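The values are calculated or read from the model by the stated rules, or taken from the named source; none is laboratory data. Treat the numbers as computed from the prediction; the structure is a model and nothing was measured. All Cβ positions, even for glycine, are placed from backbone atoms using ideal geometry, and neighbour counts span all protein chains on display.
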Amino acid sequence: MVHGYKGVKFQNWARTYGCCPEMYFQPTSVEEVREVLALARQQNKRVKVVGGGHSPSDIACTDGFMIHMGKMNRVLQVDTEKKQVTVEAGILLADLHPQLGKHSLALSNLGAVSDVTAGGVIGSGTHNTGIKHGILATQVVALTLLTADGTILECSESSNADVFQAARVHLGCLGVVLTVTLQCVPQFHLQEISFPSTLEEVLNNLDGHLKKSEYFRFLWFPHSENVSVIYQDHTNKILDSFSQPPSSSANWFWDYAIGFYLLEFLLWIREKTKEALLELKAMLEAHPKMVAHFPVEVRFTRGDDILLSPCFQRDSCYMNIIMYRPYGKDVPRLDYWLTYETIMKKVGGRPHWAKAHNCTRKDFEKMYPAFSKFCAIREKLDPTGMFLNAYLEKVFY
Ligand SMILES: Cc1cc2nc3c(=O)[nH]c(=O)nc-3n(C[C@H](O)[C@H](O)[C@H](O)COP(=O)(O)OP(=O)(O)OC[C@H]3O[C@@H](n4cnc5c(N)ncnc54)[C@H](O)[C@@H]3O)c2cc1C
């Protein structure tokens with residue numbers, strides 16, 4: 001029988017959000033997860049699954065039952081012909097990479113860090129950059145979902161296709177993702193070139209930069225004109241024995257950032273990137289007391305058809321702002337946050353699901369053409385709201 005622990009305190013990676021779940025479980029098998037759900041049904045408790053706990057918001061928090069997936073982390077199958085891998089959803093991408101490497105395979109795109117799980121990254125619509133590349137969830141070709149009533153659904157384009165279309169960006173609200181099958185690519189090496197530029201130059205030549213580099217992104221340093229352009233591209237030149245898939249930031253950066261607050265919205269690339277950044281710059285110039293930490297990172301992603309993907313039916317530009325917490329201390333940030341969020345909403349942005357935002361159902365109904373379709377699927381799979389929490393109540397009520 002699965003053992004639950006009382007008195008466990010959960011904190012996200014950045015230590016900006018936390019909770020005290022009534023019971024904390026670390027199941028090792030599907031049967032044990034089923035037991036937790038049966039107990040939750042019996043006692044009328046809510047359930048939240050947590051992966052790597054990296055989301056900089058309260059999306060993974062609960063005061064009900066928490067299921068940590070860390071012990072369900074095996075590679076189940078590698079199909080070298082199709083270049084597909086099936087994993088348990090609790091696997092950290094950091095543990096998956098070397099396993100794929102043994103078969104000369106890799107994921108085509110990754111977020112900035114790999115201490116995150118397969119189930120977690122798809123849940124929040126994690127992305128990196130590269131206009132030919134979709135968010136990580138677009139690499140998913142199949143998944144299995146354990147729903148609130150204990151049913152296991154095999155989902156893919158040919159099986160439970162409507163649930164599949166929703167569950168690739170699931171927000172943790174459709175059930176427990178048990179396994180994920182990912183489309184991989186042949187292992188590859190990347191070369192990174194970075195060079196200084198100005199905001200004006202980059203915004204005026206966006207198309208040129210997007211064409212020049214497969215994984216183009218740039219960092220703008222607020223309170224200045226300065227930009228750092230970063231190109232990452234495939235190469236056959238192997239400079240040392242270490243290679244890894246594209247990730248957007250060096251480790252030193254995250255080691256330094258003991259904890260941070262992060263906001264991120266997505267926009268139509270061509271129409272809105274320039275408008276939004278110039279307006280943010282103008283607001284900072286007009287309000288010298290509003291201090292922004294740097295950088296503002298700007299990345300690009302191909303559109304897709306996943307119901308709640310922030311890139312649903314539009315090629316997108318991601319723009320994130322950051323405030324560090326030096327020595328774990330809070331710094332004033334709310335004016336900057338509000339200014340940024342107001343601009344992003346005005347130009348039609350959608351918030352990153354993993355990150356803090358003030359949007360509610362009314363906003364999402366406008367932002368997502370398929371919002372009601374997702375809601376209908378959620379209500380069918382989880383009629384009692386077992387997988388809801390405070391974050392999701394703001395989204396769905
Ligand atoms: C340092 C750092 C760098 C980051 N860089 C990027 C980046 O470059 N790009 C980007 O897009 N994001 C980035 N993020 C955000 C991060 O990728 C997302 O928060 C991602 O969801 C984290 O994965 P996780 O396994 O920690 O998920 P968690 O935070 O644990 O969970 C995320 C959501 O998925 C649900 N969930 C997790 N596993 C399951 C499961 N098996 N079944 C059902 N629901 C589940 C949770 O309930 C929650 O709703 C970064 C975060 C940090 C802290």
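Data overview
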| quantity | calculated |
| --- | --- |
| Pairs, first on the phi > 0 side of the Ramachandran plot in the range 153-170, second away from the ligand (no atom under 13 Å from the Cβ), C-beta under 9 Å, six or more apart | N160/E154 |
| Identity of the residue in the range 181-204, within 16 Å of the ligand (Cβ to nearest atom) and buried (at least 18 other Cβ atoms within 10 Å of the Cβ), that ends up farthest from E279 (Cα to Cα) | T181 |
| Subset tally (residues that are at pLDDT 95 or above, among the aliphatic types (A, V, I, L, M) and touching a Leu at 6+ places or on another chain (Cβ under 7 Å)) for the range 119-135 | 2 |
| Of all residues making up the range 127-140, the number that are on the phi < 0 side of the Ramachandran plot and either among the small types (G, A, S) or surrounded by fewer than 19 Cβ atoms within 10 Å (Cβ to Cβ) (or both) | 3 |
| Qualifying residue in the range 188-201 (condition: over 29 Å from S57 (Cβ atoms), in contact (Cβ under 8 Å) with a residue 60 or more places away in the chain and in contact with a Ser or Thr (Cβ under 8 Å, 6 or more places away or on another chain)) | yes |
| Selected residue (only one of E22, E81 is surrounded by fewer than 18 Cβ atoms within 10 Å (Cβ to Cβ) and either under 24 Å from A137 (Cα atoms) or within 11 Å of the ligand (Cβ to nearest atom) (or both)) | E81 |
| Some residue of the range 81-93 being part of a loop (DSSP other than H, G, I, E, B), in contact with a helix residue (DSSP H, G or I) (Cβ under 8 Å, 6 or more places away or on another chain), within 20 Å of L178 (Cβ to Cβ) and of a type in the set (G, A, S) | yes |
| Conditions (1) closer than 30 Å to M323 by Cα; (2) away from the ligand (no atom under 14 Å from the Cβ); (3) β-branched (V, I, T): number failed by T384 | (1) |
| Number of the exception - K48 against (1) assigned to a loop (DSSP other than H, G, I, E, B); (2) near the ligand (Cβ under 10 Å from one of its atoms); (3) buried (at least 19 other Cβ atoms within 10 Å of the Cβ); (4) not aliphatic (A, V, I, L, M) | (1) |
| Subset tally (residues that are of a type in the set (G, A, S), in a loop (DSSP other than H, G, I, E, B) and either near the ligand (Cβ under 10 Å from one of its atoms) or touching a Ser or Thr at 6+ places or on another chain (Cβ under 8 Å) (or both)) for the range 99-149 | 7 |
| Test: L178 is within 8 Å of the ligand (Cβ to nearest atom) and either part of a strand (DSSP E or B) or assigned by TED's automatic domain parsing to the domain that holds K274 (or both) | yes |
